[in-house]
1. I'm checking my understanding of the structure. Among residues of segment 129-164 that are under 18 Å from the mean Cα position of the chain (by Cα) and either polar (S, T, N, Q) or part of a loop (DSSP other than H, G, I, E, B) (or both), which one is surrounded by the most Cβ atoms within 10 Å (Cβ to Cβ)?
2. Taking the condition of being surrounded by fewer than 20 Cβ atoms within 10 Å (Cβ to Cβ) and among the hydrophobic types (A, V, I, L, M, F, W, C), how many residues in segment 1-27 meet it?
3. All but one of (1) farther than 19 Å from V41 by Cβ; (2) modelled with pLDDT under 95; (3) of a type in the set (G, A, S) hold for A186, so report the exception by its number.
4. Could you please find all residues in segment 256-272 being touching a Phe, Trp or Tyr at 6+ places or on another chain (Cβ under 9 Å), over 30 Å from L47 (Cβ atoms) and either among the hydrophobic types (A, V, I, L, M, F, W, C) or not in a strand (DSSP E or B) (or both)?
5. Going residue by residue through segment 239-255, is there one that turns out to be hydrophobic (A, V, I, L, M, F, W, C), out of contact with any His (no Cβ under 8 Å at 6 or more places or on another chain) and in a strand (DSSP E or B)?
6. Among the residues of segment 320-330, is there at least one that is open to solvent by 20 Å² or more (accessible area, probe 1.4 Å) and of a type in the set (V, I, T)?
7. Quick one: which of A218, A206 is of a type in the set (G, A, S), open to solvent by 60 Å² or more (accessible area, probe 1.4 Å), on the phi < 0 side of the Ramachandran plot and in contact (Cβ under 8 Å) with a residue 12 or more places away in the chain?
8. With segment 273-365 as the region, which helices (runs of 4 or more DSSP H) entirely inside it contain at least 2 residues that are at pLDDT 95 or above and within 19 Å of the chain's Cα centre (by Cα)?
Amino acid sequence: MGSSTVAIVGGGYGGAALARELDPDFDVVLIDPKDAFVHAVAALRGLVDEEWARRIYFGYDGLFTRGRHVRGRAVAVDASGVTTADGTRIDADYVVLATGSSYPYPAKPDTEDTADSVLRHAATRAELTASSRVLLLGAGPVGLELAGEITERWPRTEVVVVDPAEDVLGGRYAPELRGALREQLAQRGVRLELGSALTAPPPTPAGVREPFSVTTGAGIRIDADLWFRCYGMTPLSDMLAGELAAARQPDGHVEVDEHLRVAGARNVFAIGDVTAVPEPKRSKAATEHAVTVAANIRALAAGRPVEQTYRPGPDAVLVPLGSTGGASQVPGPDGPVVLGAAETSGYKGADLLLGRFRELFGAST
């Protein structure tokens with residue numbers, strides 16, 4: 001069993017968890033173009049806080065006792081292995097697509113080098129510090145969290161959130177959750193312009209301080225110094241080749257069965273944001289996918305059929321507004337339970353799960 005090679009394409013939440021889990025018993029090759037894991041859950045705090053900006057990166061070496069990280073971009077993934085942009089070929093007995101998704105900066109850093117990413121955060125932070133009016137497009141979890149981080153760091157900064165949806169958050173969540181978030185945002189002075197999109201995108205690049213005016217379809221004029229786009233997740237699956245390409249849906253998500261096996265393949269799995277599993281795309285789901293796939297790869301390597309299935313859990317979301325605010329919805333014995341600021345801070349907002357990932361990567365600091 002120990003000689004089987006597992007190629008994991010993508011070192012985000014799912015890929016890193018799977019690599020750590022399989023490393024003792026398999027030859028794990030983790031293929032990712034970045035020089036380190038990025039704890040994207042904390043990226044928005046890294047934007048506003050210089051100290052946090054350096055804490056969200058973890059070297060991949062901490063995952064392994066025997067496996068390795070190949071720094072490269074996968075350009076072709078098929079049932080027998082992976083080819084990277086520089087022509088390196090990694091043959092594998094099992095292949096796992098954990099490529100995740102792209103998302104507009106700053107929710108996900110858009111550079112592959114930690115030093116560049118820290119510098120980019122610093123440059124944007126300087127632009128934010130000099131701005132008195134910020135426009136955020138998108139009232140989902142990212143837009144609300146960014147509004148919370150900005151108003152905690154710079155309480156006098158005016159923040160306007162625009163979304164064509166009629167209410168914050170989207171998804172199947174309790175009205176009490178939306179109400180709690182709207183109330184806390186109002187206390188922070190955040191202005192919500194909902195139910196109407198901009199008539200045209202801002203005329204300046206995102207994240208760059210350059211005063212501008214825009215208008216919503218409802219005729220509301222908004223003046224701002226700087227803006228960010230807080231929506232637009234795109235699954236990364238264009239590297240699927242050969243027979244695997246058929247599993248790629250028109251929107252880029254990859255079709256998997258209940259064992260998270262890529263449709264039509266015996267030894268290829270997919271986990272995390274890239275999958276077509278009908279659930280919110282969150283780091284928690286990706287790490288749960290990794291548990292399922294690890295069990296199924298172990299079964300196949302032992303000559304047994306795959307046996308573990310994955311079923312999405314009930315809808316849950318933790319939306320911190322800075323380190324002390326926010327609201328959450330978690331499953332309870334009698335249905336969803338809405339938690340307020342103190343509990344949200346305790347579960348996530350205060351340390352943004354940093355301790356958990358230090359542990360995963362064996363980091364001592």
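1. Among residues in segment 129-164 that are under 18 Å from the mean Cα position of the chain (by Cα) and either polar (S, T, N, Q) or part of a loop (DSSP other than H, G, I, E, B) (or both), the one surrounded by the most Cβ atoms within 10 Å (Cβ to Cβ) is A139.
2. Residues flagged as surrounded by fewer than 20 Cβ atoms within 10 Å (Cβ to Cβ) and among the hydrophobic types (A, V, I, L, M, F, W, C) within segment 1-27 amount to 1.
3. Every condition holds for A186 apart from (2).
4. Once the filter is applied, which keeps residues that are touching a Phe, Trp or Tyr at 6+ places or on another chain (Cβ under 9 Å), over 30 Å from L47 (Cβ atoms) and either among the hydrophobic types (A, V, I, L, M, F, W, C) or not in a strand (DSSP E or B) (or both), segment 256-272 yields V256, E258, H259, L260, V262, N267, V268, F269.
5. yes
6. Yes, the conditions are met somewhere in segment 320-330.
7. Matching residue, one of A218, A206: A218.
8. Filter on segment 273-365 gives 283-301.
The values are calculated or read from the model by the stated rules, or taken from the named source; none is laboratory data. Bear in mind that the values here come from a model prediction, so they are computed numbers and not experimental data. As a convention, Cβ positions derive from the backbone with ideal geometry for all residues, glycine included, and neighbour counts pool all protein chains shown. These area figures cover heavy atoms from the full protein model, side chains too; ligands, DNA and RNA do not enter into them. Shrake-Rupley method; radii C 1.70, N 1.55, O 1.52, S 1.80 Å.
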